[in-house]
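J.: Here it is, the structure, as structure tokens.
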Amino acid sequence: MRDPVTDLNRRGRAIFAGVFIFAILHSILYIITVPTWDLFDEEQHLSYALYLIDDQTLPEIDDPVQQRILDSAVATERWSQLRIGRPPTVEQNEFGLESWSYEAYHPPLYHALVSPLTLLSGDDAWRELYAARLFGIFLLFAMAGISWGYARDWLPDADPAVWGAIALSVVAIPSVAAASGRVNNDLLAGLMIAAGTLMASRLLEDRRTDQALFLGLIGAAAVLTKGQGSILLLVTLAALAILLRRRQLTASIFLLAIGPGVVGFLIWGAWTYSQYDVINSANAFVDIVGRSQSLGVADFVGELWLNSWSSYWGAYDGGSLRLITGLVLLLVSVSGAIGLFIGRDGWQSTAQHRDKLILCAVLFGGMIAALWIANDSGLAHPHGRMLLGVFPPLVTLVVAGVRRLGGDMAAVQIGALSVALSAAYFLFWYLPFFY
């Protein structure tokens with residue numbers, strides 16, 4: 001594979017640098033503006049990290065959130081800014097579900113990585129929160145790098161501006177950028193799934209043992225970050241099945257690519273069983289915390305689409321902007337799909353492209369199935385923050401299709417459109433709603 005930077009000309013390097021500068025600034029913007037103790041369980045995720053760093057132990061679902069976190073939530077009056085109901089009392093033992101460290105059902109990798117960032121903040125929960133949020137800058141920076149990798153690998157003959165448009169489009173998506181601005185394991189899980197799928201596609205072209213091991217280690221990291229990380233194991237199995245069909249699969253490649261992820265999955269399953277008598281930690285969460293109301297098929301599909309751009313739109317009504325954004329994204333996606341497959345030379349016509357499409361089909365199908373299971377079990381409704389691992393390959397395919405219809409210039413416009421939609425969301429919905 002080509003080096004992502006050194007073989008670029010000056011213009012290409014400027015585009016590369018511009019994308020990463022945008023990613024850093026976009027992350028900082030959301031770190032500053034995401035409401036303190038955000039809607040998506042920041043209290044519980046920080047509590048998890050503090051258990052690791054303060055007590056050197058994994059918390060359990062019904063362990064209490066640290067008192068200093070609850071005191072900070074009261075001091076900042078998070079419920080007013082988030083427009084949600086305030087607990088009837090703010091006493092520790094009567095705070096309700098909010099006082100539980102219920103995100104303990106997740107594997108610990110993300111929380112172990114952010115916990116050292118809290119060490120210099122003393123026992124001030126507000127400072128600990130914003131120190132932990134800084135990790136999101138690295139994550140969005142890395143997401144830009146993974147997206148650039150998809151663009152260069154899958155569209156090697158495109159102009160560097162097209163590669164930049166793909167990476168820019170991904171990090172411009174509000175659900176991606178906002179995930180970098182809160183303490184939450186969503187972005188790390190998405191990053192690992194996207195990186196692993198890219199590595200699986202590279203393994204099909206470069207069957208080295210170190211490549212297989214890298215894929216395996218990413219798989220282990222994914223399953224030790226969040227339950228949906230196991231989707232990457234399905235993608236890995238699909239890649240190995242393709243190699244088997246080609247008669248290119250060796251025992252070492254198989255074991256290195258899938259082994260670490262399976263070991264990680266079994267270790268977390270064993271720990272979960274030892275604590276809750278179930279293997280699936282999501283089941284433990286539902287058993288202890290309770291079920292939410294599941295959606296029917298039509299409502300599920302509608303929320304999956306309309307809330308993909310912003311996770312907040314899954315909790316609040318985005319109004320006309322939500323509908324307009326959804327229609328624009330639908331039009332662009334349909335155009336990309338038509339461009340991708342139209343004609344005898346469409347992506348389905350070559351084995352190399354077909355293999356990439358197979359991996360994406362497994363990834364997309366696995367993600368939708370996981371979201372439906374979560375919805376049907378009463379765990380969670382679909383939000384954009386749950387789709388982060390899908391966005392880099394999906395955007396790459398859409399831009400590839402638009403490029404086949406209109407050339408490099410049309411493909412570059414997708415990046416400009418993404419930034420414009422992101423700016424409209426930030427200025428005309430997000431800021432007025434929360435501030």
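J.: Does the stretch 214-306 come out rounded, prolate or oblate, given a ≥ b ≥ c as the square roots of the eigenvalues of its C-alpha gyration tensor, rounded meaning a/c under 1.5 and, failing that, prolate meaning a/b above b/c?
T.: oblate
J.: Let me ask something else. Using a 7 Å offset from the Cα along the Cα-to-Cβ direction at both Arg207 and Leu431, what is the distance between the two label points in nm, to one decimal?
T.: Result: 5.5 nm between the two label points.
J.: Among the chymotrypsin sites (Phe, Trp or Tyr not before Pro) in the stretch 27-88, which ones are in a DSSP loop with at most 13 other Cβ atoms within 10 Å of the Cβ? Mind listing them?
T.: Counting only loop positions with at most 13 other Cβ atoms within 10 Å, none of the chymotrypsin sites (Phe, Trp or Tyr not before Pro) in the stretch 27-88 qualifies.
J.: I'd like to verify something in the chain: which complete DSSP H helices, judged by Cα projection on the helix axis, reach 24 Å or more and average at least -0.5 on the Kyte-Doolittle scale?
T.: Those that clear 24 Å and a mean of -0.5 are 10-33, 135-154, 186-203, 251-276, 319-341, 351-376, 391-425.
J.: For Cα pairs less than 8 Å apart in space and 6+ apart in sequence, what is the mean separation divided by the residue count of the stretch 137-250, i.e. the relative contact order in percent?
T.: That works out to 24 percent.
J.: Search the structure for amide H atoms under 5 Å from the amide H of Trp100, placed 1.01 Å from N in the peptide plane, and list their residues when 5 or more places away or on another chain.
T.: Residues meeting the criterion, in which the H sits 1.01 Å from N, are Val65.
J.: Between Arg354 and Asp123, what FRET efficiency comes out of the Förster formula 1/(1 + (r/R0)^6) with R0 = 41 Å and r the beta carbon distance, rounded to 0.05?
T.: The pair Asp123/Arg354 has a calculated efficiency of 0.15.
J.: Specify which labelled value, from [x] 154; [y] 144; [z] 166, agrees with volume of the Cα convex hull per residue in Å³ derived from the coordinates of the model shown.
T.: Here volume of the Cα convex hull per residue in Å³ agrees with entry [y].
J.: Going by how many other beta carbons lie within 10 Å of each one, how would you line up Trp154, Trp372, Trp305, fewest first?
T.: Arranged by neighbour count, lowest to highest, Trp154, Trp372, Trp305 become Trp305, Trp372, Trp154.
J.: Not counting the cut sites, what is the longest span of the chain without trypsin sites (Lys or Arg not before Pro) that DSSP labels loop and that have at most 12 other Cβ atoms within 10 Å?
T.: 84-207
J.: Please list, by residue number, everything in the stretch 119-140 whose backbone N is under 14 Å from a paramagnetic label point 7 Å out along Cα→Cβ of Arg68.
T.: From the stretch 119-140, the list is 119-132.
J.: Just want the ordering: Thr118, Thr197, Thr89, Thr209, from fewest to most Cβ atoms lying within 10 Å of their own Cβ.
T.: Ordered from fewest to most neighbouring Cβ atoms within 10 Å, Thr118, Thr197, Thr89, Thr209 come out as Thr89, Thr209, Thr118, Thr197.
J.: When the chain is fully extended, how far beyond the present Cα-Cα distance does Thr76 get from Leu29, taking 0.36 nm per residue of separation?
T.: Value of the extension gain: 15.0 nm.
J.: Which value, in debye to the nearest 20, describes the size of the charge dipole of the chain about its Cα centre when Lys and Arg Cβ atoms bear +1, Asp and Glu Cβ atoms bear -1, and nothing else is charged?
T.: 2040 debye
J.: Sticking with this one: Using a Gaussian network for the chain with springs between C-alpha atoms less than 10 Å apart, which of these wobbles most: Ala151, Ala284, Ala239?
T.: Ala284
J.: Got a sec? How would Asp186, Asp157, Asp299 order by Cβ neighbour count within 10 Å, fewest to most?
T.: Going from least to most buried by this count: Asp157, Asp299, Asp186.
J.: While we're looking at this one, here's another question. Taking only DSSP H segments of four or more residues, each worth -39500 (n - 2.57), what value at 222 nm results for the chain once the sum is divided by all its residues, to the nearest 500 deg cm²/dmol?
T.: That comes out to -21500 deg cm²/dmol.
Where a number appears in this text, it was derived from the coordinates with a stated rule and is not lab data. Keep in mind that what you see is a predicted model, and the values were worked out from it rather than measured. Don't worry about glycine lacking a Cβ; one is built from the backbone with ideal geometry, like all the others, and counts go over all protein chains shown.
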